[in-house]
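Each value in this text was obtained by applying a stated rule to the coordinates, not by laboratory testing. Quick caveat, the model's predicted, so the values are computed rather than measured. FYI the Cβ positions are ideal-geometry reconstructions off the backbone, even for glycines, and counts take in every protein chain you see.
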Amino acid sequence: MLHVPVLLEDSIEYLVQDINGSYIDCTYGRGGHTKLILENISINASLSSFDKDPEAVKYAEKNKQDNFRIIHDSFCNIDKYFDESSVDGIIYDLGTCSTHLDNPERGFSFNKDGPLDMRFDNTSGQKLSEWINTASKVDIMSILYKYGDEKHAKLISSAIDTERKDKPILRTSQLGELIKKIYPEKNTKNHPATKSFQAFRIHINNELKEFEESLLAAAKIIKTKGIIVTIAFHSLEDNIIKSFFKPTIKSFPKDIPINNEKTEQFRCLAKKIRPEKEEIFQNPRSRSAIMRVFQKK
Ligand SMILES: C[S@@+](CC[C@H](N)C(=O)[O-])C[C@H]1O[C@@H](n2cnc3c(N)ncnc32)[C@H](O)[C@@H]1O
């Protein structure tokens, strides 16, 4: 099954304000948002889509339109491809694609047994199996707390440490079962490994740091009146967006000089758009999506 794009029409309606403009889709995936951008821009416009995942890039290469190019790179590098103040619109649809979860070989899912990989870019970097068998117990615990908000982080990291002393943890089902076995609450609504798998995925792909860097790059290359659309799926991503576009300056004592340059650069066009009930019914993955839209002043 292919990935179903989230908040598709709404996001592109905000994004494309000039049919002859220059656009970036930071997260190509299976091209849902890219396709609708291309349908809404002229042949004189341009769209550059990025993805870290070589399979996404291969999929995109089928599209030979002259006004489209696919770039195999992290979105934290967008400013290497564009001049300052040269882009009309940038969109982020964060997180994983259904295609990652559906393919056991990519190692993202505890429901499908596969090698414990989890890299968006499986041509470089450390696989989860490499990290989880060598990282310290404390590091594993802190990733589970920080990126998974997992209250049993200590218990899970100890169980991982005990298991790996016996045999290396190499398969998604091995890790999923191990967490399920020691998880104190039984009959939970979600699989007990859900938060842990999210935490490990965020860590292995350096997701939050790269997103922060990308927003800084986006602020440089976006034109005056240009649009940035973000679609986030959990509070860690959404907090980065909120603090980037609207630093919470109220808590600072009055005598500390505050650099609120960033706040003044953008106005918020849409604060918190959620999918309608019908979209959530058709595509349950969309239920946690939050879209925000900003315009460079
Ligand atoms: C939710 S999917 C995007 C789906 C897409 N909008 C669609 O409709 O088909 C997110 C995609 O972003 C990619 N990705 C995640 N982090 C990235 C990064 N730092 N740089 C580039 N691509 C990234 C993932 O590989 C994945 O394909």
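See the values below:
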| quantity | calculated |
| --- | --- |
| Dipole of the chain [Lys/Arg +1, Asp/Glu -1 at C-beta], most positive-end residue of Ile280, His3, Asn67 | Ile280 |
| Paramagnetic reach from Asn103 (point 7 Å along Cα→Cβ, amide N under 12 Å) across the stretch 6-44 | 29-30 |
| At 0.890 mPa s and 25 °C, Stokes diffusion of the stretch 1-124 via Kirkwood alpha-carbon radius, µm² per second | 162 |
| Reference-scaled alpha-carbon Rg (2.2 N^0.38 Å with N residues) for the stretch 122-204 | 1.01 |
| Distance histogram for the stretch 1-51 (every C-alpha pair counted, 10 angstrom bins, percent rounded to whole numbers) | 27, 58, 14, 1 |
| Unsatisfied cross-links (Cα-Cα over 25 Å) in the set Lys272/Lys297; Lys58/Lys146; Lys112/Lys167 | Lys58/Lys146 |
| Aspartates and glutamates whose Cα lies under 15 Å from that of Lys223, excluding same-chain neighbours fewer than 8 positions away | Asp18, Asp79, Asp83, Glu84, Asp88, Glu264 |
| Candidates His234, His100, His72: whichever shows maximal mean-square fluctuation once the chain is modelled as a Gaussian network with Cα springs under 10 Å | His234 |
| Charge dipole (debye, nearest 20) of the chain; +1 at Cβ of Lys and Arg, -1 at Cβ of Asp and Glu | 920 |
| Total charge dipole magnitude, the stretch 132-217, about the Cα centre, Cβ charges on Lys, Arg, Asp, Glu only, Debye to nearest 20 | 440 |
| Rounded to the nearest 20 debye, dipole of the stretch 1-116 from Cβ charges on Lys, Arg, Asp, Glu | 440 |
| Residues of type lysines that Lys165 reaches as a straight line, Cα spacing below 23 Å, ignoring anything fewer than 8 places off in the same chain | Lys127, Lys137, Lys154, Lys180, Lys181 |
| Pairwise FRET efficiency - Lys112 versus Glu185, Cβ, R0 = 22 Å, nearest 0.05 | 0.40 |
| √(5λ) per eigenvalue of the Cα gyration tensor, the chain, largest first, Å | 34, 23, 18 |
